[in-house]
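Chemist: Input: one structure, supplied below.
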Amino acid sequence: MTFTIDSGILIIDKPADITSARVVALLKKLTGAKKAGHTGTLDPFATGVLLCCLNEATKISRFFLGGDKKYQAKLLLGVSTDTQDFTGKILSTSNELDFSGEDIISAFNKYEGNIEQVPPVYSALKHKGVPLYKLARKGRPVEKPARKVDIYYLKILEINLPEIFFEVSCSGGTYIRTLCADIGKDLGCGGHLKELRRIESCGFSIGGALTIAELEKLALSGNIKSRVIKMADALKNIPGFIADEILIEKISRGKTITGEDIKSDLLTGCDDFIKIVNKENELIAVLNRIYGKFAYCCVINR
């Protein structure tokens, strides 16, 4: 018994001026997948790493939604907008841009570490079930309370005022356009996000991503499967346990799994995820140990 190889992860290099949902629809068409989805949207103008799950892999998308990210971005100083990026309406402008390198470095350094960030009113976060951007577009913006995010590093790559090109490594849920707006505000001139490229998501880098043109070429040659990442390999931060046929059968029937079924030194705490694989490293299930017993997170259809 084997899995079909079309269940897995594809890393796509999303182009500009296309929605993440449109990329998924195109991917579904090219691969013939019955189900597909992404694990974290990019704004239409943004480019870069978009993790896409095919078929049974949509069951494990939850494990990538809050993962760490890396971006390269361009901040334009002197212009603030209501969306905090170049697509919005201009709120203010300033020609006072005579900053030293030390001024700019100091402004950036303030945002490294564990910080509080107020989500933008133009975002997909919801208020009473309605996305904030829809309320903002109707003239009824809702500001969510600040929440903690982690900025692991902020690296200035080039200063060519009024533009600053930088790289940031951060936790999931960090808004780079808010970061740009906050830095511009601190400098006293305002600013917004001009360009954004995601170069890494959940440990998957842009170097392993397929462009849409490459994806179409692989589809024509029938070789897309060669770039599909197996589900077990994609869950690289979750420890694995190789199951025998008895345990596989037990899982397939949804029976209670205990520590007697899974004895592993990989489990160290009272609340651990573990991936169950067969001898071919094909994912069987993901379980969550809670005080000695295992709850089913997902079971992969075989």
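The values are calculated or read from the model by the stated rules, or taken from the named source; none is laboratory data. As the structure is a computational prediction, the values presented were derived from the model and not from experiment. Glycine also receives a Cβ, built like all others from the backbone with ideal geometry; neighbour counts cover every protein chain displayed.
Chemist: If a residue has to be at pLDDT 65 or above, within 21 Å of D82 (Cα to Cα) and of a type in the set (S, T, N, Q) to count, how many in segment 109-155 make the cut?
Modeler: 1
Chemist: I'd like the full set of residues that are among the small types (G, A, S) and assigned to a loop (DSSP other than H, G, I, E, B), limited to segment 37-55.
Modeler: G40, A46
Chemist: Filter segment 82-103 down to residues that are among the β-branched types (V, I, T) and out of contact with any helix residue (DSSP H, G or I) (no Cβ under 8 Å at 6 or more places or on another chain) and give me whichever is surrounded by the most Cβ atoms within 10 Å (Cβ to Cβ).
Modeler: T87
Chemist: Return only the number of the condition from (1) at pLDDT below 95; (2) surrounded by fewer than 20 Cβ atoms within 10 Å (Cβ to Cβ); (3) closer than 30 Å to G190 by Cβ that S106 does not satisfy.
Modeler: Only one criterion is unmet by S106, namely (1).
Chemist: Just the residues that are of a type in the set (S, T, N, Q) and touching a residue at least 24 places away in the same chain (Cβ under 8 Å), please, taken from segment 100-117.
Modeler: N109, N114, Q117
Chemist: Need a quick list: strands (runs of 3 or more DSSP E) entirely within segment 135-252 having at least 3 residues that are loosely packed, with under 14 Cβ neighbours inside 10 Å and either touching a residue at least 60 places away in the same chain (Cβ under 8 Å) or over 19 Å from the mean Cα position of the chain (by Cα) (or both).
Modeler: Correct list: 147-160.
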